[in-house]
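> Got a structure for you, questions after.
The values are calculated or read from the model by the stated rules, or taken from the named source; none is laboratory data. This one's a predicted model, so the numbers in the text were calculated from it and none came from an experiment. Here Cβ is always computed from backbone atoms with ideal geometry, including for glycine, and neighbour counts include all displayed protein chains.
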Amino acid sequence: MIQFFQVSKRYPGGQTALDRVSFDIARGQFVFLTGASGAGKTSLLRLIFREDVPSEGQILVNGRNVSSIPPQKIPYLRRTIGVVFQDFRLISRKTVFENVTYLPRILGTDLTSQKKLAYQALRRVGLAHRLNAFPLELSGGEQQRVAIARALIHEPEILIADEPTGNLDPELSWDILRLFLEVNLRGTTVLLATHDREMIQRVGRRVLTLDAGRLILDQELQGIDPPRLEAPAEALEPPGPPVLEAAPEAGA
Amino acid sequence: MSFLQALRAFFREAAINLARGWKVSLVAVLTITLSLFVGGAFLLVSGNLLASVERWRGEMRVVVYLQPGMAEDRVEALAGELRRGPGIAGVETVSAVAARERFQEAFPSLSDLVEGMGDEPLPPSLEVTPADPAHRPPELRAFLDSWRRRPEVSMVDDDREWLGQLENVVALLRAVGLALGVGLLVAAIFTIGSVIRLTAYLHSDEISILRLVGATEFYIRGPFYAEGFLQGLLGGFLATGFLWAGSALLHAQNPDALLTRLLAARFLTPAEAAALVGLGAGAGLVGAIASLRRERLTVAENEPAAE
Ligand SMILES: Nc1ncnc2c1ncn2[C@@H]1O[C@H](COP(=O)(O)OP(=O)(O)OP(=O)(O)O)[C@@H](O)[C@H]1O
Ligand SMILES: [Mg+2]
């Protein structure tokens, strides 16, 4: 699903962020990407959805060579990848509803379906009741979850998350992690960058470790399934039919 | 998403942007309005003047003014002599009395000026209708020149001469108006371009999100093109409205005045008004497209992510 062949990334300043990195992530895998600050995690993730191009090497995503993809095809690649940024990148002028429905909107989804999708995605992160709030009215953790809802709204083939639990308290971190594992169970390939060694140890799965731009470790840890994750589930709302009355009015 | 759906979305987005940033947009709209108003006004005025010239061209005569106080039979004799000249279709005698009455009819407010002064104040004249009103063959010109030098003649006035000068003035007016209109339009295009670029800059965070989730360039740029188009359209409507108001004002104040008849006899035809509005909208679109041509629309794309 995601293949790196001897990929290097050097920034114009001369800074080498990635040094001949190679790996192969199969469809449906759940992979942690870890390493010290500045190791090159964000740089690596950005190459996958073509926010940047490698200085050397080849990257295949879903069989397509990302660095040689024609510019007009890039949008179609990106529609299959959900991304959660380290810095959220929410638009403060827009409501939570508007923030999470960018993808449905550019696909021309009608408003009713948009509301349904937004409700479902926000319910999964426990924020269905904040549909009409503005990002700055939310806590950092809540903003983080809105960003996650935006990435999940269209059941992406690949989910990329850069420190998605960095702003969450441990309890909420586990909820979000469990959400990612659920998403992964439904078939989405997940690549998650994190510093949180403890979390990685508890969850298991495959771990790629970067150090100063080099892939120094590619290990498979003993995994546990989402139901066995011991974490309080109260923060997440129980699943149920979407309540459309809670959705905002047209043009909200 | 269908093309029409996309267009609707673009215009809705553009309308919201216009409403939110109306102060900056107003500047762009007003520059378009000014350029179209000036260009349109010159074209309207010169068009009306040209129409008058056309009307007069068919009635062009040569008037031979005689010395004041000349006896009637002498006037008739001269008329007879003139009739035998080359290229002359007819000669009509206008006596001093008839000249005064004509003057009083044409300028009622000035009628006292020529009344009760004893002698008739205006000279008798001979109105010569050339065989071809638009052209003066050399023989006729030589003939008329010889009449200019005769002592009985005070002045030979050829309509064609001043009509030709008027035509030159109108052509000049038209050229100046066109140049001014085009110059202002170019300025307006740049203004709209700057406003659009500013809007795009203010939305660069949103643009980068749109890029990220897979919006096409068309989808990303569409709202900005729509905004330029709307600004131009608005400017076109305003300019047409102001022109119409100016014309209506002239008519309301003094419908029969020479100025009204010359400048505002006819307003823009619906097709011309539509062309003016279309020109505005087109200019707005061009401004928007040109301003975003080289733009990546976002700086966030290749910046290091905030840590
Ligand atoms: N746009 C850029 N231009 C120049 N250098 C950059 C840019 N982005 C990142 N770098 C550099 O590349 C190296 C790797 O950075 P990167 O952001 O990938 O690290 P990271 O592993 O994500 O760190 P963190 O855990 O703190 O988020 C760093 O030394 C950083 O300074
Ligand atoms: Mg990072």
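> Among the numbered criteria (1) surrounded by fewer than 22 Cβ atoms within 10 Å (Cβ to Cβ); (2) away from ligand 1 (no atom under 16 Å from the Cβ); (3) part of a strand (DSSP E or B), which one does A:Gly82 miss?
Just one mismatch for A:Gly82, condition (1).
> To continue, here is another question. So, in the range A:21-55, exactly how many residues are more than 10 Å from ligand 1 (Cβ to nearest atom) and under 18 Å from A:Gln219 (Cα atoms)?
12
> Could I ask something else about it? Determine which member of the set A:Leu179, A:Leu152 is over 20 Å from A:Leu107 (Cβ atoms), among the aliphatic types (A, V, I, L, M) and away from ligand 1 (no atom under 16 Å from the Cβ).
Of A:Leu179, A:Leu152, the one residue that is over 20 Å from A:Leu107 (Cβ atoms), among the aliphatic types (A, V, I, L, M) and away from ligand 1 (no atom under 16 Å from the Cβ) is A:Leu179.
> Right, next: Quick check, is B:Ala239 more than 14 Å from every other protein chain (Cβ to nearest Cβ), under 27 Å from B:Val286 (Cα atoms) and either outside any helix (DSSP H, G or I) or under 16 Å from the mean Cα position of the chain (by Cα) (or both)?
yes
> Okay, moving on. All but one of (1) modelled with pLDDT of 90 or more; (2) within 14 Å of chain A (Cβ to nearest Cβ); (3) in a helix (DSSP H, G or I) hold for B:Phe218; which doesn't?
With (1) modelled with pLDDT of 90 or more; (2) within 14 Å of chain A (Cβ to nearest Cβ); (3) in a helix (DSSP H, G or I) applied to B:Phe218, the lone miss is (1).
> Would you confirm whether any residue within the range A:187-194 is within 15 Å of ligand 1 (Cβ to nearest atom), at pLDDT below 90, part of a loop (DSSP other than H, G, I, E, B) and within 15 Å of the chain's Cα centre (by Cα)?
Within the range A:187-194 (the criterion being within 15 Å of ligand 1 (Cβ to nearest atom), at pLDDT below 90, part of a loop (DSSP other than H, G, I, E, B) and within 15 Å of the chain's Cα centre (by Cα)), the answer is no, since none of the residues qualifies.
> Being among the aromatic types (Phe, Trp, Tyr) and within 15 Å of ligand 2 (Cβ to nearest atom) narrows it down to one of A:Tyr102, A:Tyr11, A:Tyr76, so name that one.
Sole residue among the options that is among the aromatic types (Phe, Trp, Tyr) and within 15 Å of ligand 2 (Cβ to nearest atom): A:Tyr11.
> Can you spot a residue in the range A:15-38 that is within 13 Å of another protein chain (Cβ to nearest Cβ) and away from ligand 2 (no atom under 13 Å from the Cβ)?
Yes, the range A:15-38 contains at least one residue that is within 13 Å of another protein chain (Cβ to nearest Cβ) and away from ligand 2 (no atom under 13 Å from the Cβ).
> Right, another one. Would you mind finding the one in A:Ile48, A:Ile59, A:Ile2 that is within 21 Å of A:Gly213 (Cβ to Cβ), in contact (Cβ under 8 Å) with a residue 60 or more places away in the chain and more than 13 Å from chain B (Cβ to nearest Cβ)?
From the options A:Ile48, A:Ile59, A:Ile2, the qualifying one is A:Ile2.
> Moving on to the next point. Among (1) in a loop (DSSP other than H, G, I, E, B); (2) closer than 16 Å to B:Ser154 by Cα; (3) at pLDDT 85 or above, which single condition is B:Gly69 missing?
The single condition B:Gly69 does not satisfy is (3).
> Please work out which residue is modelled with the lowest pLDDT, limiting yourself to the range B:249-307 and to residues that are in a helix (DSSP H, G or I) and within 14 Å of chain A (Cβ to nearest Cβ).
So the residue we want is B:Ala300.
> Out of the residues in the range B:2-32 that are touching a residue at least 40 places away in the same chain (Cβ under 8 Å) and within 13 Å of chain A (Cβ to nearest Cβ), state the one that is surrounded by the most Cβ atoms within 10 Å (Cβ to Cβ).
Applying the filter and picking the extreme gives B:Asn17.
> Using beta carbons and a limit of 8 Å, which pairs, at least six apart or on different chains, have the first residue in the range B:75-87 and in contact (Cβ under 8 Å) with a residue 24 or more places away in the chain and the second one among the charged types (D, E, K, R) and part of a helix (DSSP H, G or I)?
As it stands, the answer is B:Pro86/B:Glu139; B:Gly87/B:Glu139, since those pairs meet every condition given.
> All but one of (1) crowded, with 18+ Cβ neighbours inside 10 Å; (2) away from every other protein chain (no Cβ under 14 Å); (3) farther than 20 Å from B:Ala179 by Cβ; (4) not charged (D, E, K, R) hold for B:Ser35; state the number of the condition that does not hold.
Failing condition for B:Ser35: (3).
Residues are listed down the side, and each one gets a yes or a no for (1) modelled with pLDDT of 80 or more; (2) assigned to a strand (DSSP E or B); (3) surrounded by 12 or more Cβ atoms within 10 Å (Cβ to Cβ):
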residue	(1), (2), (3)
B:Leu110	no, no, no
B:Glu120	no, no, yes
B:Glu127	yes, yes, yes
B:Pro133	no, no, yes
B:Phe143	yes, no, yes
B:Trp147	yes, no, yes
B:Gly181	yes, no, yes
B:Ile189	yes, no, yes
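> Considering the range A:163-209 alone, what residues qualify as being free of Cβ contacts under 8 Å to residues at least 40 places away in the same chain, in contact with a helix residue (DSSP H, G or I) (Cβ under 6 Å, 6 or more places away or on another chain) and away from ligand 2 (no atom under 16 Å from the Cβ)?
The one that is free of Cβ contacts under 8 Å to residues at least 40 places away in the same chain, in contact with a helix residue (DSSP H, G or I) (Cβ under 6 Å, 6 or more places away or on another chain) and away from ligand 2 (no atom under 16 Å from the Cβ): A:Leu168.
> Could you count how many residues in the range A:63-79 are more than 8 Å from every other protein chain (Cβ to nearest Cβ), closer than 20 Å to A:Asp162 by Cβ and not in a helix (DSSP H, G or I)?
Looking only at that region, the number is 0.
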